[in-house]
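Inspection log for the structure reproduced underneath, given as structure tokens.
The values are calculated or read from the model by the stated rules, or taken from the named source; none is laboratory data. Just so you know, these numbers come straight off a predicted model, no measurement behind them. With ideal geometry, Cβ positions are generated from the backbone for all residues, glycine too; neighbour counts draw on all protein chains shown. For the accessible areas, the whole protein counts, side chains as well, though only heavy atoms, and no ligand, DNA or RNA atoms are used. Shrake-Rupley method; radii C 1.70, N 1.55, O 1.52, S 1.80 Å.
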Amino acid sequence: MKKIPFKAVAVDMDGTFVNSQNTYDRQRFRRVLDKLHEHDIHFIVASGRPLIRLEKDFAGFMDKIDVISDNGAILVRDKKIINTHYFTHQTTLKLLRYILRKYPNSSVIACGLSNSYVLANSSVNFKKFMNYYYYNYLTINSIDEIPVNDPIDKITLWTDATPEEIESEFNTDYTEQVHATSSGFNCIDIINHGVNKASGIKYFLRYFKINPSELIAFGDGMNDSEMLQLAGYSYAMENADPELKKIAKYEAPSNNENGVLKVLESYLN
């Protein structure tokens, strides 16, 4: 059997694994996945997408892959949630009040365990865009309508602010610490401090007893930077952020050319 230099694969979704139409070649992926399993190689999806979206994206594959959703906040194995990072309800309200006071023109969605919540005054375009990812979202008039028993793991917003501004300003003014990162499509994701795709991957690697040097990872945006810095074999897509290309060791063909599958096939065939 051919010697493969990695034991785990980690892939981002938007701009990386899926093409511009939000699809991928399922038959080709099945063939690649079968070959990976023949070599006892794990396939990890590491995305800013919510779990409900990823479950649809990988319907028929969920028992064969591992999942990191919401930029590291939720980890899934064997179709079961095995690790989570939620805000306390108090922190959720503090964070949302801060955003709406500091950046009043922001459009906001809060991603919860049971539902996601969009403020009624968010832009129409934001609601249409988010409906693809959070098809179960509820419209609320006030953040006080978010139920105490539905913990929030991520807040996504459209705003004029940068992730660095939001993270620095909030963490300076409040004892609760958060991490803000770009999530593509001019969105910013806010999650718990210390949480990112790499932290989720490290959790899986410890579980599998695999070293980071035995990881191959693919990404296109700066929210993939920690993941690519961790991996022994790091690939930025041809269409990736130029800053991410400076971090990656290698470049893969674009997401519209099945870049991830092409690279994996080059190792497997």
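For the stretch 1-119, what is Rg from Cα atoms divided by 2.2 N^0.38 Å, rounded to two decimals? Intermediate results must be reported in sequence, preceding the final value.
On the way: Rg = 17.5 Å, N = 119, 2.2 N^0.38 = 13.5 Å.
Ratio of Rg to 2.2 N^0.38 Å for the stretch 1-119: 1.29.
What is the percent carbon and sulfur in the accessible area of the stretch 155-198, measuring with a 1.4 Å probe over the protein chains and ignoring ligands?
47 percent
So what is the accessible area of the chain per residue, in Å², with the probe set to 1.4 Å? Before the final figure, lay out the partial values.
Details: 12000 Å² over 269 residues.
Ligands and nucleic acids excluded, the result is 45 Å² per residue.
Place the peptides 237-247, 140-150 in order of packing, highest mean first, counting for every residue the other Cβ atoms within 10 Å and averaging per peptide.
On the way: 237-247: 17.1, 140-150: 12.6.
Averaged packing, sorted descending, gives the order 237-247, 140-150.
For Kirkwood radius over Cα pairs in Å, several values are listed as [x] 23.0; [y] 19.6; [z] 18.9; flag the one computed from this structure.
[z]
The stretch 121-201: D in µm²/s via Stokes-Einstein (Kirkwood Rh, Cα pairs, 10 °C, 1.306 mPa s)? Intermediate results must be reported in sequence, preceding the final value.
Numbers: Rh = 14.3 Å.
Taking Rh from Cα pairs, D becomes 111 µm²/s.
Short version: what are the Cα gyration tensor semi-axes of the stretch 65-179, square root of 5 times each eigenvalue, largest first, in whole Å?
Working: eigenvalues 98, 65, 38 Å².
Sorted largest first and rounded, they come to 22, 18, 14 Å.
Within the set of other residues whose C-beta is less than 15 Å from the C-beta of residue 248, count the net charge using Lys and Arg as +1 and Asp and Glu as -1.
Working: positive: 197, 245, 246, 249; negative: 12, 220, 224, 226, 238, 241, 243, 251.
With Lys, Arg at +1 and Asp, Glu at -1, the net is -4.
Using +1 on the beta carbon of Lys and Arg, -1 on that of Asp and Glu, and nothing else charged, what's the dipole of the stretch 44-97 about the Cα centre, debye to 20? Mind dumping the intermediate values first?
Working: 9 positive and 6 negative charges, 43 e Å.
Value, rounded to 20: 200 debye.
Where nothing but the Cβ of Lys and Arg (+1) and of Asp and Glu (-1) is charged, how large is the charge dipole of the chain around its Cα centre, in debye to the nearest 20? Walk me through the intermediate numbers first.
Values: 30 positive and 34 negative charges, 164 e Å.
The dipole of the chain has a size of about 780 debye.
Putting +1 on Lys and Arg Cβ atoms and -1 on Asp and Glu Cβ atoms, find which of 247, 216, 186 reaches farthest to the positive end of the dipole of the stretch 174-269.
Towards the positive end, the residue furthest out is 216.
In the chain, what % of DSSP beta bridges are antiparallel (nearest 5)?
Among the beta bridges of the chain, antiparallel pairing accounts for roughly 55 percent.
Choose one of 81, 107, 151: the residue whose Cα lies farthest towards the positive end of the charge dipole of the chain (beta-carbon charges +1 Lys, Arg; -1 Asp, Glu; about the Cα centre).
Value: 81.
Any idea how far the Cα center of the stretch 122-177 sits from the one of the stretch 180-231, in Å?
Taking the Cα centre of each part, the stretch 122-177 and the stretch 180-231 sit 21 Å apart.
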